[in-house]
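Worksheet for the structure shown next.
The values are calculated or read from the model by the stated rules, or taken from the named source; none is laboratory data. Quantities reported herein were computed from a predicted structural model and do not represent experimental measurements. Virtual Cβ from ideal backbone geometry, glycine too; neighbours counted across all protein chains shown. Just so you know, the surface numbers come from the protein's heavy atoms only, side chains and all, with ligands and any DNA or RNA stripped out. Shrake-Rupley method; radii C 1.70, N 1.55, O 1.52, S 1.80 Å.
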Amino acid sequence: MSLVLAVDDTRALRSMLADCLKKGGHQVVLAADGVEALDKLRQHKPDMVITDLNMPRMNGLDFIEAARREPEGRALPMLLLTTETAQSLKDRARAVKATGWLNKPFDPGQILSLVDQLS
Amino acid sequence: MSPLILAEDGSHFDHRVGARVHQVLPGDHLVIADPDAAVCTLLGSCVAACIRDTTTGVGGLNHFLLPGSDQSQSARYGAFAMEVLINEILGQGGRRERLEAKIFGAAESISGSHSRSVGSKNAAFARHYLETEGIPVVAADLGGTSGRRIYYFPSTGMVRVQYLAALESRAAEAQEARYRKTLGSAPVAGAVELFG
């Protein structure tokens with residue numbers, strides 16, 4: 001069982017992700033943007049992060065970049081889960097040391113096997 | 001029928017509304033920031049959510065359906081269709097708190113090609129999603145047995161709805177059925193890439 005921090009500004013997506021992870025036996029902490037996610041990261045020390053890219057206040061790429069500077073985030077598996085497909089954004093994700101990139105819509109089986117594999 | 005002359009951006013002049021019109025096909029979406037143009041789509045049992053920023057007038061519509069009987073899989077697909085539209089509006093300077101929506105479509109089958117509940121499931125999903133996200137639905141025209149042609153002018157929020165005659169309704173339904181088939185054969189999931 002892992003503690004997963006799931007970050008998305010869309011309420012519907014947050015609740016679908018939480019359902020999926022809980023059904024897989026994991027615990028979930030939710031955040032609606034990068035600023036909130038950084039707080040939750042320090043507070044809860046999750047085993048893994050799944051984050052959206054486009055979000056208000058702080059987007060997923062900036063969040064990962066900031067999280068890598070935190071002791072809790074230095075070696076943490078952090079996946080982007082996004083509707084974006086542009087190579088330039090994937091390159092940026094690699095540069096800020098994201099662990100991987102998933103495109104929406106997500107498949108619950110795929111999410112759960114990635115959590116098992118990475119966390 | 002006169003030949004359709006497409007402009008470079010894929011739009012054409014539509015005499016029915018006296019404006020340049022961008023056509024959206026099932027499964028697709030489009031956002032425009034052009035004060036004089038409209039986005040148009042032909043709806044059977046699918047739903048189109050027309051969303052815009054009420055201050056900047058940037059907006060557009062999607063044309064989606066919930067692909068299957070598996071409810072949570074369908075919801076993920078529907079949520080994806082809504083999110084790509086909203087993200088594109090936000091990406092062009094829209095603000096979430098200024099968004100408004102109008103929803104159309106969800107006709108019951110004319111030809112009996114799908115069960116009665118398909119349209120209403122699509123409609124219920126759109127309403128629920130928008131309510132959850134706090135985006136007000138300021139107008140809706142859903143259900144019935146006729147297909148619809150929707151013209152949406154995001155700059156003003158104006159919508160022209162034309163109810164289709166039986167023959168055109170069937171054509172809209174057939175187009176959506178082809179789209180549904182492609183969804184049925186493709187897995188409802190995106191690609192994964194792990195960075196080494």
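Some notes on this structure:
- Condition met for A:Leu3 (surrounded by fewer than 16 Cβ atoms within 10 Å (Cβ to Cβ) and either on the phi < 0 side of the Ramachandran plot or within 14 Å of chain B (Cβ to nearest Cβ) (or both)): yes
- Positions within segment A:20-35 being within 12 Å of chain B (Cβ to nearest Cβ) and buried (at least 22 other Cβ atoms within 10 Å of the Cβ), in sequence order: A:Cys20
- Candidates in segment A:68-96 are the residues that are more than 8 Å from chain B (Cβ to nearest Cβ) and of a type in the set (Lys, Arg); of these, the one that is surrounded by the most Cβ atoms within 10 Å (Cβ to Cβ) is A:Arg92.
- Matching residues in segment B:143-196 - criterion: being within 14 Å of another protein chain (Cβ to nearest Cβ) and at pLDDT 90 or above: B:Glu193, B:Leu194, B:Phe195
- Matching option when the condition is over 23 Å from B:Ser117 (Cβ atoms), of a type outside the set (S, T, N, Q) and in a loop (DSSP other than H, G, I, E, B), among B:Val17, B:Val84: B:Val17
- Close contacts from segment B:17-46, counting a first residue that is among the acidic types (Asp, Glu) and a second that is in a loop (DSSP other than H, G, I, E, B), with Cβ to Cβ under 8 Å and a gap of 6+ residues or different chains, come to B:Asp28/B:His63; B:Asp34/B:Ser155; B:Asp36/B:Ser155.
- Out of A:Leu38, A:Leu17, one residue alone is away from every other protein chain (no Cβ under 14 Å), assigned to a helix (DSSP H, G or I) and within 25 Å of B:Glu97 (Cα to Cα). It is A:Leu38.
- Leading residue by the ranking (most open to solvent (accessible area, probe 1.4 Å)) among those in segment A:98-119 that are facing another protein chain (nearest Cβ under 8 Å) and touching a helix residue (DSSP H, G or I) at 6+ places or on another chain (Cβ under 6 Å): A:Pro108
- Pairs where the first residue, in segment A:51-69, is on the phi > 0 side of the Ramachandran plot and the second is part of a helix (DSSP H, G or I) and surrounded by 20 or more Cβ atoms within 10 Å (Cβ to Cβ), C-beta under 9 Å, 6+ apart: A:Arg57/A:Gly34
Results for (1) part of a helix (DSSP H, G or I); (2) at negative phi; (3) out of contact with any Phe, Trp or Tyr (no Cβ under 7 Å at 6 or more places or on another chain); (4) buried (at least 18 other Cβ atoms within 10 Å of the Cβ), shown as yes or no for each residue.
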position: B:Glu97; (1), (2), (3), (4): yes, yes, yes, no
position: B:Ala101; (1), (2), (3), (4): no, yes, yes, yes
position: B:Glu108; (1), (2), (3), (4): no, yes, yes, yes
position: B:Gly134; (1), (2), (3), (4): no, no, yes, no
position: B:Thr145; (1), (2), (3), (4): no, yes, yes, no
position: B:Tyr151; (1), (2), (3), (4): no, yes, yes, yes
position: B:Glu173; (1), (2), (3), (4): yes, yes, yes, yes
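- The one condition from (1) within 14 Å of another protein chain (Cβ to nearest Cβ); (2) not in a helix (DSSP H, G or I) that B:Leu130 does not meet is (2).
- Residue satisfying condition, being buried (at least 20 other Cβ atoms within 10 Å of the Cβ), at pLDDT 95 or above and charged (D, E, K, R), within set A:Asp47, A:Asp8, A:Asp39: A:Asp8
- Some residue of segment B:77-91 being at negative phi, surrounded by fewer than 18 Cβ atoms within 10 Å (Cβ to Cβ) and at pLDDT 95 or above: no
- Residue identified as of a type in the set (Gly, Ala, Ser) and under 20 Å from A:Arg92 (Cα atoms) among A:Ala6, A:Ala37: A:Ala37
- Taking first residues from segment B:52-72 that are in a loop (DSSP other than H, G, I, E, B) and partners that are of a type in the set (Ser, Thr, Tyr), the Cβ contacts under 6 Å between residues at least 6 apart in sequence or on separate chains come to B:Gly57/B:Ser155; B:His63/B:Thr41; B:Leu66/B:Ser74; B:Pro67/B:Ser74; B:Pro67/B:Tyr77; B:Gly68/B:Ser74.
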